[in-house]
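**Q** Just passing along the structure, written as structure tokens.
The values are calculated or read from the model by the stated rules, or taken from the named source; none is laboratory data. Computed from a predicted model, the values in this text were never measured in an experiment. Note that we place each Cβ from the backbone using ideal geometry, even for glycine, and neighbour counts take in every protein chain shown. In case anyone asks, the SASA skips ligands and DNA or RNA and just uses the protein heavy atoms, side chains included. Shrake-Rupley method; radii C 1.70, N 1.55, O 1.52, S 1.80 Å.
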Amino acid sequence: MLTREEYIRLCSDELRTAIRTNRHRDPLTVAMDRAVPDARLVATQLKYLARAEAKLPTYAEQGCILPPRAFEQASSERCAAHKPIEGRRVLDLTCGLGVDAYFLSRRFEEVVTLERNEVLADVARENFRRLGVANITVVTADAEAFVAACNESFDWIYADPDRRSESGKKLVRLEDCSPDVLRLMPHLKRLAPRLALKNSPIFDVDEARRLFPDAAIEVVSLGGECKEVLIFTGEGVTPSLTATALDRGSYTVTAQQALPTPPPFDPTRYHYLIQPDVALQKARLVRHHLNGKADCWSENGYGFATEQPQEVLGRIFAIQAIEPYDPKALKRTLKGKKAELMKRDFPIESSELHRRLGLQTGNEVRLAFTKIGASYWTIRLK
């Protein structure tokens, strides 16, 4: 955790100049450079500013202060910019580095954000100053105490609870996170008619629906990686379930419908393999999304299509051949080749498949492995 003394030093002209002039040097080299003041502190900032160029490009461009733990826990700018809530006033219970508050400030006239750690609250204020944001108020306060005493009104309350225990252990149950939003619900409903809640990417969608039966739930992915599970509940919210791939699009269902039973698997029928986006998989919407476009036997499996499907959240591959999984035959024909391996509903890890089949990592051949019913299959891709 960044100390008060370190924060003061990072705000000084001397260290701001050191960070700016060493911006494109290797942080390890800078850390050992005796000519650089507070070299290790400067090097740490250089390290995280370099990482921020992908995750937080606006913060990186403006040379914001990036405490390591706060950086790791922060939303990416792509995810923060996506959150579809707006209005006049919003209360953000969990400021942290302030990335969500920064993007909420573009959708709301006023943002009030809470941060219980005094140093991190000052970091957020300083970063907002560097970012040129004037409609965010950072309050140094514990969320539980603030909402219990607050008599103001807001259009939305936003929360991204801390999912780390004091010992650093990852927490999943909403009740274990801080603040405990479920316990605070009576106060939150008094302050605002709507709540937006960000959860861990491993948070179970069925648990979200159990806790918030009238909510709109959205699973968000970026670059093929599940990033967060969002819950929107309250006045004017239509119950729904959405899978969003930020680089591809969204798919929403407002009511679960019975799906037809897929036909018996016939490997000679199919010409295209669909690898559904992880957001669909996490939301358990794979079969809904592919219904009428491809045959699919599992929420965790692949889709198989006779014709190339359109507007699919996922990757599409042309199939060369589908054959029963036969490791001895594969090793005999492929040993030594460089192969890209994919798998869904298959019990062997890709690294182990490489070893068993005598393959190297590369892209001379591309293979997919899956289980349908009681049978295991190898799909050779073009």
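**Q** Just give me the residues in segment 151-164 being surrounded by fewer than 17 Cβ atoms within 10 Å (Cβ to Cβ) and modelled with pLDDT of 95 or more, in sequence order.
**A** Glu152, Ser153 - these are the residues of segment 151-164 that are surrounded by fewer than 17 Cβ atoms within 10 Å (Cβ to Cβ) and modelled with pLDDT of 95 or more.
**Q** Tell me, which residue of segment 8-37 that is assigned to a helix (DSSP H, G or I) and small (Gly, Ala, Ser) is surrounded by the most Cβ atoms within 10 Å (Cβ to Cβ)?
**A** Top of the filtered list is Ala18.
**Q** I've got another one for you. One residue is enough: does segment 371-379 have a residue meeting the conditions among the aliphatic types (A, V, I, L, M), free of Cβ contacts under 8 Å to residues at least 40 places away in the same chain and surrounded by 15 or more Cβ atoms within 10 Å (Cβ to Cβ)?
**A** Scanning segment 371-379 turns up no residue that is among the aliphatic types (A, V, I, L, M), free of Cβ contacts under 8 Å to residues at least 40 places away in the same chain and surrounded by 15 or more Cβ atoms within 10 Å (Cβ to Cβ).
**Q** Condition first: hydrophobic (A, V, I, L, M, F, W, C) and either in a strand (DSSP E or B) or at pLDDT 95 or above (or both). Now tell me which residues in segment 360-379 satisfy that.
**A** Val365, Leu367, Ala368, Phe369, Ile372, Trp377, Ile379
**Q** Separate question: Which residues, taken from segment 228-270, are touching a helix residue (DSSP H, G or I) at 6+ places or on another chain (Cβ under 9 Å), open to solvent by less than 70 Å² (accessible area, probe 1.4 Å) and either among the basic types (Lys, Arg) or farther than 20 Å from Glu207 by Cβ (or both)?
**A** Correct list: Ala245, Leu246, Tyr251, Leu259, Pro262.
**Q** Which count do you get for residues in segment 61-91 that are open to solvent by less than 10 Å² (accessible area, probe 1.4 Å), farther than 25 Å from Ala279 by Cα and in contact with a strand residue (DSSP E or B) (Cβ under 6 Å, 6 or more places away or on another chain)?
**A** Number of matching residues: 2.
**Q** Among the residues of segment 348-382, write down those that are charged (D, E, K, R) and touching an Asp or Glu at 6+ places or on another chain (Cβ under 8 Å).
**A** Residues satisfying the conditions are Arg366, Lys371, Arg380.
**Q** Another question about this same structure. Does segment 239-258 contain at least one residue that is under 24 Å from Ser375 (Cβ atoms) and among the basic types (Lys, Arg)?
**A** No: zero hits.
**Q** Within segment 118-157, which residues are within 28 Å of Met185 (Cα to Cα) and out of contact with any helix residue (DSSP H, G or I) (no Cβ under 8 Å at 6 or more places or on another chain)?
**A** Once the filter is applied, which keeps residues that are within 28 Å of Met185 (Cα to Cα) and out of contact with any helix residue (DSSP H, G or I) (no Cβ under 8 Å at 6 or more places or on another chain), segment 118-157 yields Ala121, Arg125, Asn135, Thr137, Ala141, Asp142, Ala145, Phe146, Ala149, Asn151, Asp155, Trp156.
**Q** List pairs: first in segment 256-273 and free of Cβ contacts under 8 Å to residues at least 24 places away in the same chain, second assigned to a loop (DSSP other than H, G, I, E, B) and open to solvent by 40 Å² or more (accessible area, probe 1.4 Å), Cβ under 9 Å, 6+ apart or cross-chain?
**A** Pro264/Gly373
**Q** Only one residue in Leu56, Leu91, Leu66, Leu97 is over 25 Å from Arg9 (Cβ atoms) and at pLDDT 95 or above, so which one is that?
**A** Leu91
**Q** Next question, about the same structure. Hey, any hits in segment 121-141 for a residue that's outside any loop (DSSP other than H, G, I, E, B), within 22 Å of Leu230 (Cα to Cα) and touching a residue at least 60 places away in the same chain (Cβ under 8 Å)?
**A** No, because not a single residue in segment 121-141 is outside any loop (DSSP other than H, G, I, E, B), within 22 Å of Leu230 (Cα to Cα) and touching a residue at least 60 places away in the same chain (Cβ under 8 Å).
**Q** Of the residues that sit in segment 276-311 and are more than 21 Å from Arg380 (Cα to Cα) and polar (S, T, N, Q), which one is most open to solvent (accessible area, probe 1.4 Å)?
**A** Among residues in segment 276-311 that are more than 21 Å from Arg380 (Cα to Cα) and polar (S, T, N, Q), the one most open to solvent (accessible area, probe 1.4 Å) is Gln310.
**Q** Filter segment 173-204 for residues that are among the aliphatic types (A, V, I, L, M), farther than 19 Å from Ala149 by Cα and touching a strand residue (DSSP E or B) at 6+ places or on another chain (Cβ under 6 Å) and give the result.
**A** Once the filter is applied, which keeps residues that are among the aliphatic types (A, V, I, L, M), farther than 19 Å from Ala149 by Cα and touching a strand residue (DSSP E or B) at 6+ places or on another chain (Cβ under 6 Å), segment 173-204 yields Ala196, Leu197.
**Q** Okay, next question. Using the structure shown, decide if Leu273 is over 22 Å from the mean Cα position of the chain (by Cα), surrounded by 20 or more Cβ atoms within 10 Å (Cβ to Cβ), at pLDDT 95 or above and part of a strand (DSSP E or B).
**A** So Leu273 fits the description; yes.
For (1) among the basic types (Lys, Arg); (2) closer than 20 Å to Leu195 by Cβ; (3) in contact with an Asp or Glu (Cβ under 7 Å, 6 or more places away or on another chain), each residue gets a yes or a no:
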{"residue": "Ala215", "(1), (2), (3)": "no, yes, no"}
{"residue": "Leu222", "(1), (2), (3)": "no, no, yes"}
{"residue": "Thr238", "(1), (2), (3)": "no, yes, no"}
{"residue": "Ser250", "(1), (2), (3)": "no, no, no"}
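**Q** Right, something else. Pull out all pairs, ordered by first then second residue, where Cβ-Cβ is under 6 Å, the residues are six or more apart or on different chains, the first lies in segment 340-359 and is open to solvent by less than 60 Å² (accessible area, probe 1.4 Å), and the second is among the small types (Gly, Ala, Ser) and in a strand (DSSP E or B).
**A** Qualifying pairs under 6 Å: Met342/Ala368; Leu359/Ala339.
**Q** With the requirement that a residue be hydroxyl-bearing (Ser, Thr, Tyr) and either farther than 18 Å from Asn135 by Cα or in a loop (DSSP other than H, G, I, E, B) (or both), what does segment 42-98 give you?
**A** Thr44, Tyr48, Ser75, Ser76, Thr94
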